[in-house]
Amino acid sequence: MPESFSPPAFVEDLNEAGRAAWSTAVLGWFRTAETRLPAGHRFFNLVDLPAPDAASAVIPWNAFPRKFTLRWPQDVERRWRTAEEIVTLDMNGRAAAYYVPAGGDRWASANLPFRDQDEYCEWRAYRDPQSGRLQRVVFTCENPEYWSFLAASDPERLVELYRTLVDPAVTRDDLFFQTAVFRPEFTQSGTVMENQRGRYNPYNRWNTTDGVVHLTHPANSLQAEVHLAADATLVRVDEAGEVLVDDARLICCAAYGSPNRSSDPTIGGKINELVRNGLAVTIGDPVGLYIGDIDLQPIEPPDGVDAADCWSVVRGRKDDRMILRAEFAPPEGAGFDLEDVLVGGEPLRFGSQLAELITIVIHGRGVERAGAAPQAGCDSKCCRIPATPALLTLADLDAQCPAIGPTAAAGPEAPRVLASLTGVPEGPLALGQVPDRASRV
């Protein structure tokens, strides 16, 4: 068992001091998560409580955003295309919490771009600039906290990696805020708006409009995932005293994530099951969310090429199911492009088609723990969204859910355009910031 937490997938980007500082940051997330739980809780970390005999539990889910499948269950083309848009507001109207002064006491949204892909896997489809045909697809599940940490500790290494992974034309100025941009920072004395000028910009062009390095969706936070795992260790009971065991009912009751994702209900449900079976649980070292594998069976390249020859792991460990970055492209020298490949009998035109075949995983660990696990009632409930009744939203227990009319399914689209905001909505977490349960919705 580790005396410290390792970088994701054991990558070797950091020097010794950097690795020690990363471990300290990750340990802080675990300790903070544990303080939110009642006495006798079933969450631990492998630095404070080494557990060499802990059993492993790989928790998998699908990489394609479930919310789009729920929104357009019959319109496959639309959900494939929509999932690949670069947006400043996601389907739920959520923005990245960065702001610029707008005069007086008002703040305007910085309108930073991101991918509306919220299952801890994001991808970019690269196309031929003349024909528009699909050339390759790059997938990443690298967490933004690690890259922000790398930027602060070794900016030269950051630039080097960007140049290697995306484009040799990347400059240092491209990756850091050059003007006054503010974001909320939470301190003991309250929330302050802290200037980000000179700091790493996780929404820089090479990670959004012109490339992909790490996760960008505001919900795709590793730190928040640690807190989700901790929150899911509480056994939940409904008003009748019945222990909840269904993934969907658990997440609506406990509010530890979004009920419209595949990831949050699956992770929370599996962790809760392990606790109900008498285990204390944690996330294994190295802490991360990873690409586990891709189902190559439905993929048919032409010319007798094997689909496995098109899939390459760029960062991480394939055999350990700890892939951080992978690429799907024709092998070198092939006489075809990706649109000549069939996926389930359909020409491959979107990275979304491959995302539907990718499994994302978190590596859990569990040890037997005597005694009964703490129980709690429900903190919230789910209501259907009138405009899109296949989708759910979290609500207070005493709130009245809106009525669902017969024409609700054809309701208006959620806005996905630039907008000015007068408040401070949920956003990506700074290193060391404590997430609220709702920040994962």
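We did not get these values from a lab; they are worked out from the coordinates using the rules stated. Owing to the predicted nature of the structure, the values given are computational and were not obtained by experimental measurement. Note that we place each Cβ from the backbone using ideal geometry, even for glycine, and neighbour counts take in every protein chain shown.
Spin-label point model (7 Å from Cα, Cβ direction): what's the ASP167 to PHE186 distance in nm?
3.6
Suppose every Lys and Arg Cβ carries +1 and every Asp and Glu Cβ carries -1, with no other charges. What dipole size does the chain come out with about its Cα centre, to the nearest 20 debye?
Using only the charged Cβ atoms, the result is roughly 980 debye.
Which residues does a label at ARG205 reach in region 80-112, if reach means a backbone N under 17 Å from a point 7 Å past the Cα toward the Cβ?
Of the residues in region 80-112, 86-87, 111-112 have backbone N under 17 Å from the label point off ARG205.
Find how much the distance from ASP319 to LEU342 grows on full extension, using 0.36 nm per residue of separation minus their present alpha carbon separation; answer in nm with one decimal. All intermediate terms of the calculation are to be shown ahead of the outcome.
Values: separation 23, 0.36 × 23 = 8.28 nm, distance 2.62 nm.
5.7 nm is the gain from fully extending ASP319 to LEU342.
Multiplying the sequence separation of GLU12 and ASP53 by 0.36 nm and subtracting their Cα-Cα distance, what value in nm do you get? Please report the intermediate quantities before stating the final value.
On the way: separation 41, 0.36 × 41 = 14.76 nm, distance 2.68 nm.
Extending this stretch completely gives an extra 12.1 nm.
So which trypsin sites (Lys or Arg not before Pro) in region 150-206 are both in a DSSP loop and have at most 13 other Cβ atoms within 10 Å of their Cβ?
Hits after loop and neighbour filter: ARG197.
Enumerate the calculated ³J(HN,Hα) couplings along region 161-167 in order (Karplus 6.51 cos²θ - 1.76 cosθ + 1.60, θ = phi - 60°), each rounded to whole Hz, writing x wherever the residue is Gly or Pro.
5, 4, 5, 6, 7, 10, 6
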